[in-house]
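A short write-up of the structure that comes next.
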Amino acid sequence: MSSVSPQDPWVQVSEIVRLVRSGEAQTRPELADATRLGRNIITQRIQAAAELGLVRPSGQQRSRGGRAADVWEFHGDEGRILTGVVGSFGLRVALTDLDGRVVEETWLPGELTADPVETSERMAVAMEALMRRHHPDGPAWGVGIGLPTPVDFLTGRSTSPVTAGPPGATWPSDFDIRRWFTRRMQAPVWVDSNSNLSALGAAAAADAPEDLIVVRMERGVGSGIVSDGRLHRGADWIAGEITHVTVQGEGEPICLCGRVGCLDAYASRWAIEAEAVALAATGASAYLTEHGTDLDVVVAGAEAGDLGCARLVLRAADAMGRALAALVTWFNPRRVVIGGNVLAESSLFQSAVGRTLHMHALAASVQHLEVRYSTSDRPEELQGAAAMVLEVLLSAEYMAEWAPAGFPIDVEVLLAKHADLLA
Ligand SMILES: [Zn+2]
């Protein structure tokens, strides 16, 4: 999008909404201080934001000089955002408010099929059901989609697969999911990788630091990078592809990418389950022979004291700790969030990652580092999908273009104006 003048009234409205929403400034005097705009202009811009439904009065506050000032708050209930995340083992669909709070969530289990239209159709039907229940009167303000692959954020298309995945596990780059959902849900659509959505979700937490890394383990190991409060997508949209970082781990396992010793070959679900099958077949793990070889079983076995299972969990944790040590030393995040599957919930895994990380990282770079573990239901993804939509919707450029006609925007006008973008 082209940049717009800071004098544009809608750019000023966007800034006022941002300040009110973040809580940085919520009264006319505070907004005047923060923006250096005159009181009369501030009054007009607040009025415009209130007419859009984005802010509303929420009582009064004693200000300097003892005069009472109206306090404004962001009106998260004004519109609805739809989010849909395509995972390797199922689809998650949710409806959120404009604060990114999940109103209702639907889980559609099933392996990722090779047909993207079929997958999109399942998600759209679930989205329509959520809209009927919670927002029957209007289209959503926006739709946020997550894919299990790197995504070109400008086009919403999957970039070429980084590796040859198992059949059905890769997302085709020739399917225009953004255009498909724009027409189907009659709302503007943005698409990003699930790892980037997890990072956006973690960055949206109230206590989130400006610099953080999110590691998301599902079938492989993904990660997302937030630097100075902004998501870092990289020059080719593949920033955070931690799964193919080489670690000097135990043995020389060959990765799906054809190289030796990637983190993926130690810590991904496929690698751990392949080892589990071998251990079960040789009888080296009584637990696996009895209970099966899924990752959940390996983690449960390790926690129950089965040495074969514990070795697999520790091997994955050692590789993860080594990969993180390099990233943390180089990037110096304040927080690392590790989540995505059941491995992150294992206390054995957690303590081993911490040990290896501290052993291999520069002491100064881990001194104030906080390592957090998330749950395997990945709450960050849906919050991140909503955050992605809201970041664009409420941006200066987008407000300048669309706010004069009001939200939610008319999708036929959007498609006519941006036929090139959405072609
Ligand atoms: Zn690899």
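Out of all the residues in region 211-222, is one or more modelled with pLDDT under 95 and surrounded by fewer than 24 Cβ atoms within 10 Å (Cβ to Cβ)? Yes, because at least one residue in region 211-222 is modelled with pLDDT under 95 and surrounded by fewer than 24 Cβ atoms within 10 Å (Cβ to Cβ). Ala199: part of a helix (DSSP H, G or I), away from the ligand (no atom under 15 Å from the Cβ) and within 24 Å of Glu345 (Cα to Cα), yes or no? Spelling it out, Ala199 is indeed part of a helix (DSSP H, G or I), away from the ligand (no atom under 15 Å from the Cβ) and within 24 Å of Glu345 (Cα to Cα). Right, Gly220: outside the structural domain of Val93 (by TED's automatic domain parsing), in contact (Cβ under 8 Å) with a residue 24 or more places away in the chain and within 16 Å of the ligand (Cβ to nearest atom) or not? Yes, satisfied. Every residue in region 82-117 that is within 16 Å of Leu197 (Cα to Cα) and small (Gly, Ala, Ser), please. Once the filter is applied, which keeps residues that are within 16 Å of Leu197 (Cα to Cα) and small (Gly, Ala, Ser), region 82-117 yields Gly84, Gly87, Ser88, Ala94, Gly100. Scanning region 256-285 for residues that are farther than 11 Å from Gly308 by Cα, in contact with a Gly (Cβ under 7 Å, 6 or more places away or on another chain) and more than 10 Å from the ligand (Cβ to nearest atom) yields one hit, Tyr266. Restricting Ala323, Ala304, Ala281 to those that are within 25 Å of the chain's Cα centre (by Cα) and outside the structural domain of Ala385 (by TED's automatic domain parsing) reduces the list to Ala323.
Scanning region 132-155 for residues that are in a loop (DSSP other than H, G, I, E, B), modelled with pLDDT of 90 or more and among the small types (Gly, Ala, Ser) yields a total of 1. Exactly one residue out of Leu295, Leu288, Leu314 is in contact with a Lys or Arg (Cβ under 6 Å, 6 or more places away or on another chain), over 20 Å from Ile213 (Cβ atoms) and not assigned by TED's automatic domain parsing to the domain that holds Leu197: that is Leu295. Contact annotation: residue pairs with Cβ atoms under 7 Å, 6 or more positions apart or on different chains, pairing a residue in region 249-276 that is more than 20 Å from Val299 (Cβ to Cβ) and of a type outside the set (Val, Ile, Thr) with a partner that is more than 12 Å from the ligand (Cβ to nearest atom) and in a loop (DSSP other than H, G, I, E, B), are Gly261/Gln248; Gly261/Gly249; Gly261/Glu252. Scanning region 243-255 for residues that are more than 6 Å from the ligand (Cβ to nearest atom) and not acidic (Asp, Glu) gives Thr243, Val245, Thr246, Val247, Gln248, Gly249, Gly251, Pro253, Ile254.
Of the listed requirements (1) within 20 Å of the chain's Cα centre (by Cα); (2) within 25 Å of Ala208 (Cα to Cα), Thr27 misses just one: (1).
Out of the residues in region 34-93 that are farther than 30 Å from Pro150 by Cα and touching a His at 6+ places or on another chain (Cβ under 7 Å), which is surrounded by the most Cβ atoms within 10 Å (Cβ to Cβ)? Result: Leu54.
Within the set Ala276, Ala304, Ala284, the sole residue that is crowded, with 18+ Cβ neighbours inside 10 Å and in contact with a helix residue (DSSP H, G or I) (Cβ under 7 Å, 6 or more places away or on another chain) turns out to be Ala276.
Note on region 286-313: residues that are among the hydrophobic types (A, V, I, L, M, F, W, C) and either without any contact (Cβ under 8 Å) to a residue 24 or more places away in the chain or within 16 Å of the ligand (Cβ to nearest atom) (or both) amount to 6. Return yes or no: is Ala316 touching a Phe, Trp or Tyr at 6+ places or on another chain (Cβ under 8 Å), within 16 Å of the ligand (Cβ to nearest atom) and either in contact (Cβ under 8 Å) with a residue 40 or more places away in the chain or farther than 21 Å from Thr356 by Cα (or both)? For Ala316, the condition - touching a Phe, Trp or Tyr at 6+ places or on another chain (Cβ under 8 Å), within 16 Å of the ligand (Cβ to nearest atom) and either in contact (Cβ under 8 Å) with a residue 40 or more places away in the chain or farther than 21 Å from Thr356 by Cα (or both) - is met. In region 1-36, which residues are assigned to a loop (DSSP other than H, G, I, E, B) and either without any contact (Cβ under 8 Å) to a residue 60 or more places away in the chain or of a type outside the set (D, E, K, R) (or both)? The answer is Met1, Ser2, Ser3, Val4, Ser5, Pro6, Gln7, Gly23, Glu24, Ala25, Gln26, Arg36.
Restricting the search to helices (runs of 4 or more DSSP H) fully inside region 348-423 and requiring at least 2 residues that are under 30 Å from Pro136 (Cβ atoms) gives 379-393, 396-402, 411-417.
Do you know which residues across region 23-48 are in contact with a Lys or Arg (Cβ under 9 Å, 6 or more places away or on another chain), closer than 20 Å to Asp99 by Cα and of a type in the set (A, V, I, L, M, F, W, C)? Of everything in region 23-48, just one residue is in contact with a Lys or Arg (Cβ under 9 Å, 6 or more places away or on another chain), closer than 20 Å to Asp99 by Cα and of a type in the set (A, V, I, L, M, F, W, C), namely Ile46.
The values are calculated or read from the model by the stated rules, or taken from the named source; none is laboratory data. Since the model is a prediction, treat every value here as computed from it, not as a measurement. Every residue, glycine among them, receives a Cβ derived from its backbone with ideal geometry; neighbour counts consider all protein chains shown.
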